[in-house]
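A short write-up of the structure that comes next.
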Amino acid sequence: MLQKAYPLIGRTLIAPHTHSFSIDCPDMAALARPGQFVHVRLPGFLLRRPISVCQITQDGLRIVVEERGAGTEEMARLGSGDLIDLLGPLGNGFLTEAPHRRAVLVGGGIGTPPLLPLAEHYHKAEVFLGFRSADRAILTEDFEAAGATVTLATEDGSAGHHGYVTEPLEQHLARHGADVLYACGPEPMLKAVQALAAKYHVTAYLSLEARMACGVGACLGCAVPILTAEGVVYRHVCKDGPVFPAEEVVL
Amino acid sequence: MKVDMRVNIAGVTFKNPVITASGCYGFGGDYTDFYPLSRLGGVCLKGTTLEPRQGNPPPRIAETPMGMLNSVGLQNPGGHAFVTEELPRLTGCGTVLIANAAGSSIESYVGLVELLEGTAIDMIELNISCPNVKEGGMAFGATCEGAARVVRAVRGRTTKPLMVKLSPNVTDIVSIAKACEAEGADAISLINTLLGMRIDIKTRRPVLNQVMGGLSGPAVFPVALRMVWQVAGAVSVPVVGLGGIEKWQDAVEMMMAGAAAVQVGTASFYDVYAPVRIIEGMEAYLEREGFGAASQLTGIARK
């Protein structure tokens, strides 16, 4: 873990109110694994914002941020050359299997970015991405560039499948099955994915989010209920997660 | 000349006056990637109860202007796991270890401090001020009689130095501090969090599942400073000041108000190096200003 201010190399608007940041942080990138997150400190705000890692290169990290509140709006004002104070990499990230295994990735909205490193890990990932509308779709070309097959779904039908992403996902699982499945997105989507993984007997992992303070396991703020041998207990998104086996997540 | 940073509280020597606050530092293992525990004057470990506690349902955290609310609710593995699993990890860590002991009844406080006898714990901080639990906690700390009952019961059952952590959510904190002192408290620490709340205007519901939570962070510093000033003027045992300290200047102010040492809590959440920066900043200040010892700061603003 490191805490440092790093230079932003660039910010790109990739969808309305959604920004992609490239950060010059080779030392932090060298420690990062898919599914981990960085904790971003912003001027004028007390608590850091947890943001998942979208890409890991030798030179640094890429993160994608949607403006959702005052903190992320402040972040959207940062530009090339500005310094960004990061704590990270945090969390455990995704457990990965051998690259030839048949992996299915399911992303909903701003839950999509942490899945991209998995598309780079697996040779031919099947990726299902759901957005509200065509203009909100992000990273589809990045997934394709990583060698993945992308199936798009939009709630308003403006691109791809008209409806929820879990519908084409179920068709795929029914026809082809999968060795391992990873999902990140809104809670109703995660709940549906969890049910499908159980129905089609696929090992699955869900990446969760929670209101968070420290990011390192000290404050016990980001509690989520998790099913264990001793019953349901609170685990913490920052230190025990953000990724949990799907069958253990209580949604 | 090198400044003597040591302070003595209830017979325990701290290598410097900066202690990490309970609830903000886990059981001491979460920040060791950044600096060794031996840099700190002391560590107040996560609030522990005799029996394990699950804590409150989420959301447990809300941001506020220059502060935050929490309603963690004393999630902890219980006294037995604390002694057998957490404490052994801390052997030889080179700093003063303070157990934060909480309870829901007099018997549970007593049971816990008895478990701590003969352990490596250097001092007990009696938590009669947690605002996030339904029974005990702040209920004991809200009145002189309640505070006196717990301190009296515990005092008779522990040989460890006993510090009592007070709640600011009271009408007269001075009388409660005096009641604790009269029952044999060796030191007083204050303040725990201030009770607060927030509402999410999009969902039209309180942000915290438990509606109310404890406010901490720089927003509470002036309130904490005022209460430390009042209590330090009324008791003769050492006072440890906490509440919103994020910079060395805050720590110096707190000691000038009468604190023998300070605790740093929420600041670690946004700057992991905050406790170390405070130690270094205070030492440089003392050297610049010609102080021979950190302890000379205590109460200097009262003279």
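No lab work stands behind these numbers, since they all come straight from the coordinates. Here the structure is a predicted model, which means the values were calculated and not measured. Every residue, glycine among them, receives a Cβ derived from its backbone with ideal geometry; neighbour counts consider all protein chains shown.
Things worth noting here:
- Checked against a 28 Å cut-off, the cross-linked pairs B:15/B:247; B:178/B:303; A:239/B:160; A:199/B:202; A:124/A:199 give Cα-Cα distances beyond that limit for A:239/B:160; A:199/B:202.
- Highest mobility in the GNM of chain B, judged by mean-square fluctuation with C-alpha springs under 10 Å and restricted to B:228, B:151, B:170, is found for B:170.
- Folded to 0 to 90 degrees: helix A:187-199 orientation relative to chain A principal axis, Cα: 40
- For the pair segment B:26-41 / segment A:110-127, the C-alpha centres are spaced 36 Å from each other.
- The HN-Hα couplings worked out from phi for segment B:88-102 by the Karplus form 6.51 cos²θ - 1.76 cosθ + 1.60 (θ = phi - 60°) are x, 5, 9, 4, x, 6, x, 9, 6, 9, 10, 8, 9, 9, 10 Hz, whole numbers, x standing for Gly and Pro.
- Proximal aspartates and glutamates relative to residue A:191, as straight alpha-carbon distance under 15 Å, when same-chain residues fewer than 8 apart are discounted: A:167, A:170, A:209, A:247, A:248
- Cysteines in chain A that lack a partner Cβ within the 4.7 Å cut-off: A:25, A:54, A:184, A:222, A:238.
- Segment A:64-206: proportion of alpha-carbon pairs further apart than 28 angstrom, %: 20
- Footprinting exposure proxy for B:195, A:220, B:37 (fewest neighbouring C-beta atoms within 10 Å first): B:195, B:37, A:220
- A simple spin-label model places pseudo-atoms 7 Å from Cα toward Cβ; at residue B:280 and residue A:4 they are separated by 1.5 nm.
- Inter-centroid distance (Cα atoms) of segment B:160-200 relative to segment A:178-251, Å: 38
- Computed from the C-beta positions of residue A:27 and residue A:159 and an R0 of 35 Å, the FRET efficiency is 0.35 to the nearest 0.05.
- Choice from A:187, A:230, A:141 with maximal GNM fluctuation in chain A (Cα, 10 Å cutoff): A:230
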